[in-house]
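Student: Mind looking over this structure? Questions follow.
None of the figures in this text is laboratory data; all of them are computed from the coordinates on show. The model shown is predicted, which means the values in this text are computed figures rather than measured ones. Please note: Cβ atoms are built from the backbone with ideal geometry, for glycine as well, and neighbour counts cover all protein chains shown.
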Amino acid sequence: MLAILRLWRVWLFYYVLGAVGFTLAVVALFHGGVVEQALAGWTGGAVHFLAAGAGVPTRLFRDSPGSLLVLLIGQGAGWTVLRISMACSGLLEEAVFAGLVLFLPGMGLPTKLWSLVWGEAFTFTSNVLRVLLIVVVVHFAGKSSIYFSHMVLAQLVFFALTIWLYWMVFTRHALRVAHRKMRAAGPARGGV
């Protein structure tokens, strides 16, 4: 189907079908497997390292990659377990970004590769910052802040970073293509 859409130059359907199909295939292939566990483990490790730098004590579960113990001081001494699952591992977000870049018409291969490398690194880093924000808020505000920090605050920060990334990769690319086409068309001609 994608080959036919590409051959007939039906770019919108090619782009949507390719990006969505790629995302679903990646998530179906890697959900619950080694790749998702690795992402969860790397995210947990990065958050653990950064939390220590921010003065927030955490512990990693070695037997369960992606699980963090967060020391709470807001409600007295105690620990809370935060599990980094698919929702926080970044697998879905990274698959979406890769699908959007790989199937974007009109972007050359070197630009796609560069966008993939720095965009995936940016998405991973943004995801680490999202989880770190949850850890820090829960540490200082207590267990009752988990819902707000996870579902509202951290999501807003991650959403803003994602919008910036998409602007840098997709909107700037579209503006460059439009500018190139306008320059190639030459100056506007006067009316009759």
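Student: Net charge near Phe30: determine it from the other residues with C-beta under 12 Å of the C-beta of Phe30, scoring Lys and Arg +1 and Asp and Glu -1. Before the final figure, lay out the partial values.
Tutor: Numbers: positive: none; negative: Glu36, Glu94.
Value of the local net charge: -2.
Student: Here is a follow-up. Return the sequence-ordered ³J(HN,Hα) values of region 51-58 in whole Hz as given by the Karplus equation 6.51 cos²θ - 1.76 cosθ + 1.60 applied to θ = phi - 60°, using x for Gly and Pro.
Tutor: 5, 4, x, 8, x, 9, x, 9
Student: Arranged by the count of other C-beta atoms within 10 angstrom, fewest first, what order do Trp167, Trp11 take?
Tutor: Fewest-to-most ranking of Trp167, Trp11: Trp167, Trp11.
Student: So which residue, out of Val20, Val128, Val117, gets the largest mean-square fluctuation from a GNM of the chain using Cα contacts under 10 Å as springs?
Tutor: So, out of Val20, Val128, Val117, the one fluctuating most is Val117.
Student: In degrees, nearest 10, range 0 to 90: what is the angle between the Cα axis of helix 172-185 and the longest Cα principal axis of the chain?
Tutor: On a 0 to 90 degree scale, this one is about 10.
Student: Go through [x] 162; [y] 125; [z] 133 and flag the label whose value is the computed volume of the Cα convex hull per residue in Å³ for this structure.
Tutor: Checked against the structure: label [x].
Student: To test your reading of the geometry: what angle, between 0 and 90 degrees and rounded to tens, separates the Cα axis of helix 11-30 from the longest principal axis of the chain?
Tutor: With rounding to tens, the tilt is 30 degrees.
Student: Over what distance in Å are the Cα centres of region 112-153 and region 21-54 separated?
Tutor: What the calculation gives is 12 Å, centre to centre.
Student: Starting from the 7 Å offset along Cα-to-Cβ, what nm value, one decimal, do you get for the label separation of Leu17 and Ala174?
Tutor: It works out to 2.1 nm between the two label points.
Student: Kindly rank 26-33, 2-9 from highest to lowest mean number of other beta carbons found within 10 Å of each residue.
Tutor: Order by mean packing, descending: 26-33, 2-9.
Student: Dipole magnitude of region 2-177 about its Cα centre, charges +1 at Lys/Arg Cβ and -1 at Asp/Glu Cβ only, in debye to the nearest 20?
Tutor: For region 2-177, the charge dipole is close to 260 debye.
Student: Once the other residues with Cβ under 13 Å from the Cβ of Thr43 are scored (Lys, Arg +1; Asp, Glu -1), what is the net sum?
Tutor: Net of charged neighbours comes to -1.
Student: Whole-Hz ³J(HN,Hα) for each residue in region 86-99, computed from phi via Karplus 6.51 cos²θ - 1.76 cosθ + 1.60 with θ = phi - 60°, x for glycine and proline: what do you get?
Tutor: 4, 5, 10, 6, x, 4, 5, 5, 5, 5, 4, 4, 4, x
Student: Once you put a point 7 Å from the Cα of Val157 and another 7 Å from the Cα of Leu92, both along the Cβ direction, what distance in nm separates them?
Tutor: It is 2.0 nm.
Student: Whole-Hz Karplus ³J(HN,Hα) for region 146-155, in order, using 6.51 cos²θ - 1.76 cosθ + 1.60 and θ = phi - 60°, x for Gly and Pro?
Tutor: Karplus-based 3J(HN,Hα) across region 146-155 equals 4, 4, 4, 5, 7, 8, 10, 4, 5, 5 Hz.
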